[in-house]
Structures are given as structure tokens and as C-alpha cells.
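Asker: Here you go, one structure.
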Amino acid sequence: MNRLGTVREIRDAFRRGERSAVDVCTEALSCIAMRDPELHAFNTITGEQALARAAAIDSDRARWIDRPLAGVPVALKDNLCTRGVRTTASSRILEHFVPPFDATAVARLESAGAVIVGKTNCDEFAMGSSNENSAFGPARNPWAPDRIPGGSSGGSAVAVASGMTPLALGSDTGGSIRQPAALCGIVGLKPTYGRVSRYGLLAFASSLDQIGPLARTVEDVAIALTVIAGADPADATTAAEPVPDFSAGLSSHARGMRVGVPQTLVDQGVDGEVTAAYRAALDVLRDRGATLIDIDLPYAGAAIPVYYLIATAEASSNLARYDGVRYGFRDRGTDGDSTHRRDLDLKTMYARTRARGFGPEVKRRIMLGTYVLSAGYYDAYYLKAQQVRTLIRRDYERAFEQVEVVAMPTSPTPAFKIGERVSDPLQMYLADVFTVSANLAGLPAVSVPCGFTGNGLPIGLQLTGRTFEELTMLRIAHAYEQGK
């Protein structure tokens, strides 16, 4: 499915003068025009703007030639603010919102020479695991268009997996980069919380959200992470940690590396073909020089309820700003007929705006979050969830005394059919069983492709690392990738 080449290949070809930024951008836009009508990876395509940007890079090669993403087409999840380009979060309430500024991660991409070609489809406000919650319709898995691509960063995963772009950014609150990467057969990285600025990311759950890259290779996500990582005065939660050249530190072997295997956790509720691919991946890691060590994560089984208490509580607070007053959709009391406008009192306007602007899953999570924060329930639910969150983090801290990374399947099942779980939210939530712990503990995690089912659906291997030790985690991921 790859038409453009990898990030590294495009950048190096630009540097050698073999490919111009305009040529690459034109190829990307042609591929988008051909494939996106079926796959619906994009909410907005910025073709004219992208070509102008590419032409400017070509006309000033001396300025851009040494930049790490020179001439590379990039897609952005539609919850990252882009100056002058609409940013919808795949929600009717922001359908016509055009931000006056760029998210820090977006600005850093452009400083590195990237060419932004569009904004990608996602679950509304990043709330979902299938991309079916988008107000603009689901994105479709390029390996099987009748199946989900995963979510919430489904459009970004589809754009990369189908060859429309070599690189995309997503956001990950409970697995929203890694799970679609796994189901679409590409690499997806969630950095350590605080490694990448969240300034300009439309907030879902502020203590869990993190921006990260999706690409076809570990090297490509390493290149992108080096670009977008680092402290930001506009985001007080970013850490003043040094940012290494992550791609320069990759290795083709895993000698001396210890990989934790939480066998008890992965023995239950996992599709048989996923289990087989996971075990085969562990064998590859062993062959590359890694030592496999059994570990225990006793509180990991509580991660799903803990996550859906904390995340919905934070969502309830964050989404209160979408009230129809300052920006975004406002119900004006017309019932669709401007000739019969009725003046609404403020409370009614709020209620009607949010009822019409938000989709069912967003409303469900707002109500859950408001409930767990309400008087009489805060201690029983939200406070208790935060206490168990601490226990989950301590599980990993103990594990990392013995190992460098923890290996699990990324998703317990391959991609399911569109519509198959829409009426069963609990089954949908369980798709995140292996991914939410990294967000709750603030840890970096990466998903790499590790095989296919018998009917050709991709499977992913997840490696979770120590805080701010993305380099070690990526070394092991790259060694596995080279040994497949």
C-alpha cells in the first residue's frame, strides 16, 4: 500500500535533489484523491495550501535541506489546532471552527520542513476506539474497508497505512494512537506524559492526553518524535527533559535488554490468532538477544474501570467550554427555519446547543463524568479511581526494576466489522484493555506490526517503557522490526 516511501526515504531523496517537495506533495494529493473517497481518512484536505508550501520549500532549498522533515507530507488528527484551517474534532459543535493559531506540535513539524496535507477523521473529541463516533462518518480500514481502523486516531492510521501520507500525528488518551496503528498494520507511538506539548490539542482528559506520531517504520516515528518533543512555555505540564536524536540511537539487536511478559494478564480474553502472533513476536525478541522475564501487574485488571472513571470526569470538565457562547455551534432557536426564530433564554440555549452539537458517545461520557464528580459520589468513584491509578503506576515501577520494557498485544482482537459493537459500549471499551495503563501511569508505549490473521487483518505488539526512556523502548522495537 505504500506509494510515497518512508519519511526517511522522502527526506533523503529531497536532500539529494532526486525528488522535489512539489513532486512528493503532488503524489500524496493524487493518492488522497484516489483512495480517500472510499476510506474517508480526511475531514479536510488542504491541497492548495500544501502545494504552495511545497513550492516555497523547493524555491529555498538551502534553508530547508538539512531540516529533518524537509518536503515530507504529513496528516494531522482533526483535534490539533491549525491556524486558518478548520479544526472540528469530528464534532458538529466545531464543524466550522477555524483556530487563529497552530498547536505547538504542528508548529514544530512545519519548522522541520513538513508539508501539511490535511486534517484526519477521528472519533468525536477523541472519544472512541473505532472511529465510528465521528459526526462525519467512519474511516475505513484499508486492509478491509468493511472493518474499523481503530480509534480514536483512525483517520491518521488509515492515511499512513494506505500510503496517502508517510507520517501523521494523532493523540492518545487510552490507546488512541497505538490501537489504530495495530489494526492498520503500522507503527504508533505514545510518548511519556509531558514529553510533547499539548498546547493546541483540543482536550479530552488533560492528565491522560498525549500527542504522538504514526508512520510505517520505527525509524520514522523516532524522527518525528525528535521534532515534536521538548519543553514548551505554553504548556506547564511539559518536562524539561533533554531530547535525544531518537533515530540515531536505534539498533538492530536487543542484546542485554530485558522484556517483561505479564502472562497472567494476556492469558484471558485474547483472540487466538492475536495470542499466536504475540508469542511469535516474543520469540523474535529472544532471537534478537532480549531476555524474557515473567512479571506480574496485579492491578492492571482494574485499568479499564479506573480509566473510564478518570477520563470521563476530566471530559465532563473540559467539554463544559462548548456552550455556544464564544465559538462553535450555537442553537439559535430556529428549528432549521430562519423565518421562525425564537429567542432562547441562556439555559435553554446551552441545553439545545449541547444536545444538537454533541454525538451520543460524547454525551454518554459527559454524563458519566458529571455523575462521578457529583456530591455524594466523588469519594466513592473518582477519588477511589485515582487511588487505584497510583497502584497501577507502582505495579509498573516494580516491574521496571527487573525489565526495560513490558510486552503485550496492543489489542485483544483484530479489527471488527463496522457497526458490530455500536450498541454495546462495554465491549467497545474493553478494546482498550492493554493500552489504558500506559496513559494512567504516564508511560511511553509503542505499537509495532507483528503479523496477520488468517484473513489478512493486521496484529500489533505493544512495548511499554520507563518514563522518558523512549529511546530504549524504540531500540527494542526497531530490533524486533528488523528481525521479523
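The values are calculated or read from the model by the stated rules, or taken from the named source; none is laboratory data. Every value quoted in this text rests on a predicted model; they were computed, and no experiment measured them. Using ideal geometry, Cβ is built from the backbone for each residue, glycine included, and neighbour counts are taken over all protein chains shown.
Asker: For residue 421, all conditions in the list (1) closer than 19 Å to residue 149 by Cα; (2) assigned to a helix (DSSP H, G or I); (3) of a type in the set (D, E, K, R) hold save one; what is the number of the exception?
Answerer: Status for residue 421: all satisfied but (2).
Asker: Out of (1) surrounded by fewer than 23 Cβ atoms within 10 Å (Cβ to Cβ); (2) within 30 Å of residue 132 (Cα to Cα), what's the single condition that is false for residue 56?
Answerer: (2)
Asker: Further question on the same structure: Kindly indicate which of 172, 209 is touching a strand residue (DSSP E or B) at 6+ places or on another chain (Cβ under 9 Å), closer than 14 Å to residue 460 by Cβ, of a type in the set (Asp, Glu) and surrounded by 24 or more Cβ atoms within 10 Å (Cβ to Cβ).
Answerer: It is 172.
Asker: Would you mind stating whether residue 28 is under 18 Å from residue 216 (Cα atoms), surrounded by 14 or more Cβ atoms within 10 Å (Cβ to Cβ) and in contact (Cβ under 8 Å) with a residue 40 or more places away in the chain?
Answerer: Numbers: under 18 Å from residue 216 (Cα atoms): yes; surrounded by 14 or more Cβ atoms within 10 Å (Cβ to Cβ): yes; in contact (Cβ under 8 Å) with a residue 40 or more places away in the chain: yes.
Taking the combined requirement at face value, the residue satisfies it.
Asker: For the subset of segment 268-299 comprising residues that are within 26 Å of the chain's Cα centre (by Cα) and not in a helix (DSSP H, G or I), which member is nearest to residue 427 (Cα to Cα)?
Answerer: Among residues in segment 268-299 that are within 26 Å of the chain's Cα centre (by Cα) and not in a helix (DSSP H, G or I), the one nearest to residue 427 (Cα to Cα) is 269.
Asker: Further, regarding this structure: For segment 153-177, which positions are within 18 Å of residue 132 (Cβ to Cβ) and in a helix (DSSP H, G or I)?
Answerer: Of everything in segment 153-177, those that are within 18 Å of residue 132 (Cβ to Cβ) and in a helix (DSSP H, G or I) turn out to be 154, 155, 156, 157, 158, 159, 161.
Asker: For segment 55-108, how many residues meet the condition of being small (Gly, Ala, Ser) and within 18 Å of residue 166 (Cβ to Cβ)?
Answerer: Going through segment 55-108, the residues small (Gly, Ala, Ser) turn out to be 55-56, 59, 62, 70-71, 75, 84, 89-91, 103, 105, 107.
Still in the running and within 18 Å of residue 166 (Cβ to Cβ): 70-71, 75, 105.
Total satisfying the criteria: 4.
Asker: Let me ask you something else. Just to be sure I understand, how many residues within segment 211-247 are in a helix (DSSP H, G or I) and of a type in the set (Ser, Thr, Tyr)?
Answerer: Applying the first criterion (in a helix (DSSP H, G or I)) to segment 211-247 yields 218-228.
When the remaining residues are screened for being of a type in the set (Ser, Thr, Tyr), the result is 226.
Qualifying residue count for the region: 1.
Asker: Restrict the check to segment 442-451 and report whether at least one residue is more than 15 Å from residue 177 (Cα to Cα), over 19 Å from the mean Cα position of the chain (by Cα) and surrounded by fewer than 24 Cβ atoms within 10 Å (Cβ to Cβ).
Answerer: yes
Asker: Please enumerate the residues belonging to segment 139-152 that are part of a strand (DSSP E or B) and buried (at least 24 other Cβ atoms within 10 Å of the Cβ). Can you show your working first?
Answerer: Initially, segment 139-152 is screened for residues part of a strand (DSSP E or B), giving 141, 144, 147.
Within segment 139-152, 141 is the sole residue that qualifies.
Asker: OK, next. Inspect all residues belonging to segment 324-336 and state whether any of them is in a helix (DSSP H, G or I) and either of a type in the set (D, E, K, R) or modelled with pLDDT under 95 (or both). Give the steps one after another, and end with the answer.
Answerer: Just the residues of segment 324-336 that are in a helix (DSSP H, G or I), to begin with: none.
Among the residues of segment 324-336, not one is in a helix (DSSP H, G or I) and either of a type in the set (D, E, K, R) or modelled with pLDDT under 95 (or both), which makes the answer no.
Asker: Is it the case that segment 420-433 has a residue that's touching a Lys or Arg at 6+ places or on another chain (Cβ under 6 Å) and crowded, with 24+ Cβ neighbours inside 10 Å? Full working, then the answer.
Answerer: Within segment 420-433, the first condition is being touching a Lys or Arg at 6+ places or on another chain (Cβ under 6 Å), and the residues that meet it are 427-428.
From the residues that got through so far, the ones that are crowded, with 24+ Cβ neighbours inside 10 Å too are none.
Checked segment 420-433: no residue is touching a Lys or Arg at 6+ places or on another chain (Cβ under 6 Å) and crowded, with 24+ Cβ neighbours inside 10 Å.
Asker: Right, here's the next one. Which of the residues belonging to segment 99-138 are aliphatic (A, V, I, L, M), in contact with a strand residue (DSSP E or B) (Cβ under 7 Å, 6 or more places away or on another chain) and part of a loop (DSSP other than H, G, I, E, B)? First the steps, then the outcome.
Answerer: Let us first name the residues in segment 99-138 that are aliphatic (A, V, I, L, M), namely 103, 105-107, 109, 112, 114-117, 126-127, 135.
From the residues that got through so far, the ones that are in contact with a strand residue (DSSP E or B) (Cβ under 7 Å, 6 or more places away or on another chain) too are 103, 105-106, 109, 114-117, 126.
103, 114, listed by residue number.
Asker: Do we find that residue 407 is in contact with a helix residue (DSSP H, G or I) (Cβ under 7 Å, 6 or more places away or on another chain), within 20 Å of residue 289 (Cα to Cα), small (Gly, Ala, Ser) and at pLDDT 95 or above in this structure?
Answerer: On the way: in contact with a helix residue (DSSP H, G or I) (Cβ under 7 Å, 6 or more places away or on another chain): yes; within 20 Å of residue 289 (Cα to Cα): yes; small (Gly, Ala, Ser): yes; at pLDDT 95 or above: yes.
So residue 407 fits the description; yes.
Asker: Here is a further query. State which residue pairs qualify: first residue farther than 12 Å from residue 299 by Cα and inside segment 386-404, second residue exposed (fewer than 13 other Cβ atoms within 10 Å of the Cβ) in any location, beta carbons under 8 Å apart, and separation of 6 or more residues or different chains.
Answerer: Cβ pairs passing all conditions: none.
Asker: Among the residues of segment 30-65, how many are among the β-branched types (Val, Ile, Thr) and either modelled with pLDDT under 95 or out of contact with any Phe, Trp or Tyr (no Cβ under 7 Å at 6 or more places or on another chain) (or both)? If you could, list the steps in order and put the result at the bottom.
Answerer: Start the filter on segment 30-65 by keeping residues that are among the β-branched types (Val, Ile, Thr), which leaves 32, 44-46, 57, 65.
So of that shortlist, the ones also either modelled with pLDDT under 95 or out of contact with any Phe, Trp or Tyr (no Cβ under 7 Å at 6 or more places or on another chain) (or both) come out as 44-46, 65.
Result for segment 30-65: 4.
Asker: If you go through segment 270-306 one residue at a time, how many are surrounded by 19 or more Cβ atoms within 10 Å (Cβ to Cβ), under 21 Å from residue 392 (Cα atoms) and among the small types (Gly, Ala, Ser)?
Answerer: Result for segment 270-306: 2.
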